[in-house]
Amino acid sequence: MRYLYVILVILTISGCSSKSSSYLLPSDNLKVVATIKTQIGVKKIEVPNYLNSDKILIQEGSKVTEANSNFVAPPSELLTQKSIAILKSSLNNPNVWLYPWDIKEKKGYIVEIVLDKFIYKDAEAVVSGSYYIKDANGNLLVSKNFIKQEPSKKDSKSIVNNLSTLFTKVVIEIAQKIAR
């Protein structure tokens, strides 16, 4: 009888627990900005320390809470993969890889993105940081600080979609600078 009671308590508790959702960054339908066949290396995206938890974060005033959802992989990995895919597609270039790459000829570009914010804050999705475009020898060609924000619903799906859209805009801007 005691054994049956324990099983009923466990089933009741597990039945009341809420399930958490996991998110990938959605893929984009992109237009080709230009066709560039030069090699492009993308460094692993640097993210703020608060993203190391893989949770979707919500900031209201000075209070930060975690949504009952998370990313399926570390955000730095997801954003790096997304950057490579966007640059390949928008520059019609299969020669976009994770940097450092092993090449004999130093030609092409190195892209580095450092995020300061990737968060839902006060009813807006906010992506901010800096990006750097260097030649293959490491000489700086372009550097820019950016902040992108747009209104967003507070649910995890809307937050992830809006953050992804804003990040895509940043990478498209980088593709346009490379294409010049």
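Go over the candidates Lys19, Lys104, Lys37 one by one and state the one that is at pLDDT 70 or above and basic (Lys, Arg).
Lys37
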Suppose the filter is closer than 29 Å to Gly61 by Cβ, of a type outside the set (S, T, N, Q) and over 11 Å from the mean Cα position of the chain (by Cα); does Val160 pass it?
no
Can you pull out the residues in the stretch 131-179 that are farther than 30 Å from Glu66 by Cα and crowded, with 21+ Cβ neighbours inside 10 Å?
Ile174, Ala175, Ile178
Inspect all residues belonging to the stretch 168-179 and state whether any of them is within 22 Å of Pro75 (Cα to Cα), among the charged types (D, E, K, R) and assigned to a helix (DSSP H, G or I).
yes
Filter pass, Tyr109 being farther than 23 Å from Leu30 by Cβ and either of a type in the set (Phe, Trp, Tyr) or in contact with a His (Cβ under 7 Å, 6 or more places away or on another chain) (or both):
no
Spot the failing condition for Val114; the list is (1) assigned to a strand (DSSP E or B); (2) β-branched (Val, Ile, Thr); (3) touching a helix residue (DSSP H, G or I) at 6+ places or on another chain (Cβ under 7 Å); (4) under 27 Å from Tyr23 (Cα atoms), and only one is missed.
(3)
What are the residues in the stretch 131-171 that are modelled with pLDDT of 95 or more and of a type in the set (A, V, I, L, M), if any?
Ile133, Leu140, Leu141, Val142, Ile147, Leu166, Val170, Val171
Verdict on Lys154 being assigned to a loop (DSSP other than H, G, I, E, B) and closer than 29 Å to Ile58 by Cβ:
yes
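Tell me which residues, restricted to the stretch 56-72, are among the small types (Gly, Ala, Ser) and surrounded by 16 or more Cβ atoms within 10 Å (Cβ to Cβ).
Listed by number, the residues that qualify are Ala67, Ser69.
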Can you name the residue in the stretch 116-125 that is under 19 Å from Ser83 (Cβ atoms), crowded, with 17+ Cβ neighbours inside 10 Å and not aliphatic (A, V, I, L, M) and, of all such residues, is nearest to the chain's Cα centre (by Cα)?
Phe118
Of the conditions (1) in contact (Cβ under 8 Å) with a residue 40 or more places away in the chain; (2) more than 22 Å from Ala136 (Cβ to Cβ), Ser83 clears all except one; give me its number.
(2)
Which condition number in (1) of a type in the set (Gly, Ala, Ser); (2) under 28 Å from Lys153 (Cα atoms); (3) at pLDDT 90 or above is the one that Ser62 fails?
(3)
Exactly one of Ser27, Ser90, Ser83, Ser128 is modelled with pLDDT of 90 or more, surrounded by fewer than 20 Cβ atoms within 10 Å (Cβ to Cβ), of a type in the set (Gly, Ala, Ser) and closer than 18 Å to Lys169 by Cα, and that residue is Ser128
Just one of the numbered conditions (1) touching a residue at least 40 places away in the same chain (Cβ under 8 Å); (2) farther than 27 Å from Lys55 by Cβ is not true of Asn137; which one?
(1)
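The values are calculated or read from the model by the stated rules, or taken from the named source; none is laboratory data. Only a predicted model underlies this, so the values are computations on that prediction, with no experimental measurement involved. All Cβ positions, even for glycine, are placed from backbone atoms using ideal geometry, and neighbour counts span all protein chains on display.
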